1. How much length would be gained if the chain were fully extended between Met1 and Arg180, taking 0.36 nm per residue of separation minus their Cα-Cα distance, in nm to one decimal?
2. Mind listing the long-range amide H neighbours of Ala68? Cut-off is under 5 Å, sequence gap 5 or more, other chains count too, H placed in the peptide plane at 1.01 Å from N.
3. Students often check this: by mean Cβ neighbours within 10 Å, which of 70-76, 218-224 ranks highest, and how do the rest follow?
4. Give the aspartates and glutamates whose C-alpha is closer than 16 Å to that of Lys12, dropping any in the same chain fewer than 8 places away, or say none.
5. How high is the FRET efficiency from Val251 to Ala117, r the C-beta distance, R0 51 Å, rounded to 0.05?
6. Using modelled amide H (1.01 Å from N, peptide plane; none on Pro or chain starts), what sits under 5 Å from the amide H of Leu20, excluding residues fewer than 5 places away?
7. Can you list the residues, at least 5 places off or on another chain, whose amide H is less than 5 Å from the amide H of Val209, using H built in the peptide plane?
8. For Glu31, Glu172, what's the fewest-to-most ordering of other Cβ within 10 Å of each Cβ?
Amino acid sequence: MTPALEVHGLQKAYGSVHALRGVDLEVGRGELFGLLGPNGAGKSTLVKIACGLVRPSAGTAAVCGAPAGSTEAQRALGYLAELFRFPDWCSADELLVLHQRLAGSAGGAAERSELLALVGLAGVPDRRIGTMSKGMQQRLGIAQALVGSPQLLLLDEPTSALDPAGRRTVRELLEHLREREVGVLLNSHLLSEIELICDRVAIIDHGEVVAAGTPAELTRPGGVRVETDAGTRLFRDAGRDDAPDIVRDLVASGAQVYDVRVLTSTLEDAYLEAVGEDRPGDEPPAAQAAGVEAGR
């Protein structure tokens, strides 16, 4: 099946400033793809090129097989910008009517009701946007991005204004879109959300992809930590498969074992390592427990 988004050798220069330096990535149908990187890394430029708002200096970008910016590509994608703003006087239903007209959608009232229900706003179709909370407006923004049943959804910080309940609603929505084979490119600074929901992740820095893979592939083992009556011991070179032998040896030597943990780094650790922003004074995650004793 043709990917929802396909980018090859993408470059963009603004005079002497190179926003993108040969980026390659692919978002499959039904795939939730996380895009990470510090401010100025090139994420927004990549999204603008996919939307057809910016032309690349070199390379190609295609949406569902159609060149980015073409009529076919624009019909296949939905977009929610980070700093969006809707008219305060407009109701939720009126806003969706407007976007149906802009997108050429014939879904009518049934589509609008379905989208408001998907984002948890089924009970407020006539409520004025100016009276909505920031979180409600954020969810309404996601609903408008889904008008016309796009096959690629570009979301820029979609959960930044949401409380935990709102973020859960968005996660459930994204899982529903996966089942409908909608590809999603999710640009977010909330690494915990990316790690929780995304199938794959790309980290961009200075216009280049510096790391890519599943969240599990981007993390690394951190050893096995065992809490005993004699204190906490860290077996730095051990992994999950070594844990039973470690516990058995400790018990055989007369130790009381209270807790065993297989340690791994987080997506945040992988991100900071990839972009070269190690936190001053921080130890590797496996060594953060004070007083650990090096074992085997």
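Nothing in this text is a laboratory measurement; each read-out follows from the coordinates by a stated rule. These numbers come from a predicted model, not from an experiment. All Cβ positions, even for glycine, are placed from backbone atoms using ideal geometry, and neighbour counts span all protein chains on display.
1. On the way: separation 179, 0.36 × 179 = 64.44 nm, distance 1.41 nm.
Length gained, Met1 through Arg180: 63.0 nm.
2. Answer set, sorted by chain and number: Ala61, Ala62, Val63.
3. My ranking of the peptides, most packed first, is 218-224, 70-76.
4. Asp24, Asp205, Glu208
5. Numbers: r = 55 Å, r/R0 = 1.08.
Calculated transfer efficiency: 0.40.
6. Long-range HN contacts for Leu20: Lys12.
7. Asp24
8. Ordered from fewest to most neighbouring Cβ atoms within 10 Å, Glu31, Glu172 come out as Glu172, Glu31.
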